[in-house]
Amino acid sequence: AQVPVNVTVTGAAGQIGYALLFRIASGQLLGADTPVKLRLLEIPQAVKAAEGTAMELDDCAFPLLQGIDIFDDARQAFEGANVGLLVGARPRGKGMERGDLLQANGGIFKPQGEAINAGAADDIRVLVVGNPANTNALIAQSHAPDVPAERFTAMTRLDHNRALTQLAKKLDVSINDIKKLTIWGNHSATQYPDLFHAEVNGANAAKAVGDQAWLENDFIPTVAKRGAAIIEARGASSAASAANAAIDHVHDWVNGTPEGDWTSAAIPSDGSYGVPEGLISSFPVVSKNGKWEIVQGLEIDDFSRGRIDASVKELVEERDTVKELGLV
Ligand code: NDP
């Protein structure tokens, strides 16, 4: 029998966790032939709720699910982890400054980075979903010096998927007709969804749209502010779509991206496209042999340059703040 893959999920009792765990256990994360063991991490007050979710997972009788363990201690939760989905985070409260938010999240992601360093499996892959995801990933990574830096990533796949659908609707085409769309920068309102390198049935997407005003005043803000629009409509933040994007990200990381296309993920910069080395920023990426690679050689015009620089500047500021706080 195949050895099960250990998947650690933090914030497991939250609403994204609830949408995520059943899909992992059903085989959608790693494939229909790969057995999994779930390791759920929660804060002590939420352990009981996580136990309730685990009861429901039991009740699904998933053939691939070989065990569920629940922890309130990061060291134990990441012991032997092959995949870490870092969902639990401290949300921004009313009147909270960015420094306070980063400080609070430092208290979560520093010990988790240390725990990953201490006990995770050699092939550990980490996806940070909890916001501010890029900088939380940077904090965790900096406390895991023995783990290759490239194993720490943050999620911009939901932004990518949102952009795909907005473009498909605008041009009245199928998602399958669109390739090479990119989200650049931070998973925040400054993110830049780029249509200038995207293709629609082989033709340039920006040209096919042919409407710079729509691109600037409609498309980009709709994608960047979609989270707020969901809260407004649903009365709760997006959860199933965030979980879906996390599945897509890890699935492609492990299994590869399709030939002739790319996707978006926030990964440590190697200096490509003028993004300072080490920042965890979103790029056009392909996955080959289990590794993300930044798509090289794209020409960046002045409009795109300005947008990318603005988002990267925000990442630099967040990094400087966590440096001052002693978190990286
Ligand atoms: P959710 O499950 O809805 O969200 C979890 C995190 O995902 C938040 O930081 C949220 O950021 C982020 N996120 C990223 N992208 C999206 C998106 N597109 N839509 C919505 N959220 C997104 O939060 P809940 O409050 O339901 O659950 C969080 C759980 O985490 C709680 O059970 C809590 O106990 C737990 N927790 C666990 C910790 C641990 O394991 N050590 C530490 C802290 C909390 P944002 O809010 O900015 O949208």
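Structure values in brief
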quantity: Within-12-Å neighbourhood charge of Ser188 [Cβ basis; K, R +1; D, E -1]; calculated: 0
quantity: Dimensions in Å of region 112-179 - Rg and Dmax from alpha carbons; calculated: 16.5, 50
quantity: Theoretical ellipticity at 222 nm over the chain - DSSP helices of four or more residues, -39500 (n - 2.57) apiece, nearest 500; calculated: -12500 deg cm²/dmol
quantity: Accessible surface of the chain, 1.4 Å probe, proportion on carbon and sulfur as whole %; calculated: 48
quantity: Residue pairs, from the table Lys170/Lys225; Lys37/Lys225; Lys110/Lys313; Lys94/Lys169, whose Cα atoms sit over 25 Å apart; calculated: Lys37/Lys225; Lys94/Lys169
quantity: Partners for Lys180 among aspartates and glutamates (Cα-Cα distance below 17 Å; same-chain residues under 8 apart left out); calculated: Asp159, Asp194, Glu199, Asp248, Asp252, Glu259, Asp261, Glu293, Glu299, Asp301
quantity: Computed over the chain: relative contact order in percent, which uses C-alpha pairs under 8 Å that are six or more apart; calculated: 17
quantity: Å² of accessible area per residue within the chain, as computed with a 1.4 Å probe and no ligands counted; calculated: 43
quantity: Neighbour net charge for Val295 - beta-carbon separation under 11 angstrom, K R +1, D E -1; calculated: -1
quantity: Relative pair counts by distance (%), Cα atoms of the chain, 20 Å bins; calculated: 33, 59, 8
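The values are calculated or read from the model by the stated rules, or taken from the named source; none is laboratory data. Since we're looking at a predicted model, the values are computed, not measured. Cβ: placed from backbone, ideal geometry, glycine included. Neighbour counts: every protein chain shown. With ligands, DNA and RNA removed, areas are computed over all heavy atoms of the protein, side chains included. Shrake-Rupley method; radii C 1.70, N 1.55, O 1.52, S 1.80 Å.
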